[in-house]
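Scroll down for the structure; my scribbles are underneath it.
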Amino acid sequence: MKLLRWDWQGPMDRPAFEQAFEQLLECSSKYHVRKWLADVSRIPLVGTDEQAWLSETWLPRFVPLQVRTIALVLPVSLHNQLVVESLLTDGRRQVRADIQFFSDVPAALDWLTTSADTLVQQLEQEWQEAMRKPGAVRQGRC
């Protein structure tokens with residue numbers, strides 16, 4: 001399963017924000033990722049400049065990556081939920097992905113793995129091990 005799982009870990013300035021999203025493109029391209037589990041539940045408020053950059057610069061570069069399945073854990077913030085909806089509306093004509101929304105990671109994993117309990121447990125264990133490595137995931141390496 002060519003799955004990229006990512007979650008937002010805290011606030012960052014605009015250059016770091018853009019760098020994080022650039023890293024997602026790089027990792028997805030490098031490993032021919034077809035599925036994303038994107039946990040943006042804790043993403044800080046996304047400003048209008050970041051939203052414009054995502055829509056105008058980042059999204060057109062995401063489209064050719066062939067990511068076909070996206071499980072999106074929605075932001076807690078209503079503002080950011082509206083930002084996500086706006087971006088998806090902007091990209092709907094271009095992005096050919098099956099996108100589903102979830103309130104938690106276990107439900108998203110269940111959907112991505114078509115309820116294969118063993119695979120869900122394996123993926124969760126890999127994630128927990130990766131998160132324990134000092135800085136490996138948090139620095140955005142793929």
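The values are calculated or read from the model by the stated rules, or taken from the named source; none is laboratory data. Since this is a predicted model, take the numbers as computed values, not measurements. Cβ: placed from backbone, ideal geometry, glycine included. Neighbour counts: every protein chain shown. Accessible surface is based on the protein model in full, side chains and every heavy atom, while ligands, DNA and RNA are left aside. Shrake-Rupley method; radii C 1.70, N 1.55, O 1.52, S 1.80 Å.
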**Request:** Calculate what fraction, in whole %, of the accessible area of the chain sits on carbon and sulfur atoms when a 1.4 Å probe is rolled over the protein chains.
**Result:** 53
**Prompt:** What FRET efficiency comes out for the pair Thr118/Thr48, r = Cβ-Cβ distance, R0 = 41 Å, nearest 0.05?
**Reply:** 0.40
**Request:** Obtain the nm distance between the two label points defined at Met12 and Lys30 by a simple spin-label model: each point lies 7 Å from its Cα along the Cα-to-C-beta direction.
**Result:** 1.4
**Asked** Please identify the trypsin sites (Lys or Arg not before Pro) of segment 1-61 that satisfy two criteria: DSSP loop assignment and at most 14 other Cβ atoms within 10 Å. Which are they?
**Response** Lys2
**Asked** Of the labelled options [x] 41, 34, 31; [y] 53, 32, 23; [z] 52, 38, 28, which one gives Cα extents along the principal axes in Å as computed for this structure?
**Response** [x]
**Fill in**
Around Glu18 (Cβ within 11 Å, Cβ-to-Cβ, excluding Glu18; K/R +1, D/E -1) the net charge comes to -3
**Request:** Between Glu129 and Arg93, take the C-beta separation as r, use R0 = 25 Å, and let me know the FRET efficiency to the nearest 0.05.
**Result:** 0.05
**Request:** Using the charge dipole of segment 1-140 (Lys, Arg: +1 at Cβ; Asp, Glu: -1 at Cβ; taken about the Cα centre), state which of Gln94, Pro15, Leu78 has its Cα farthest towards the positive end.
**Result:** Gln94
**Asked** What does the accessible area per residue of the chain come to in Å², with a 1.4 Å probe and no ligands, DNA or RNA counted?
**Response** 58
**Message:** Using the basic label-point model (7 angstrom from Cα toward the beta carbon), what is the Ser103 to Glu22 distance in nanometres?
**Reply:** 3.8
**Asked** Placing +1 at every Lys and Arg Cβ and -1 at every Asp and Glu Cβ, with all other atoms neutral, what dipole size does the chain have around its Cα centre, in debye to the nearest 20?
**Response** 440
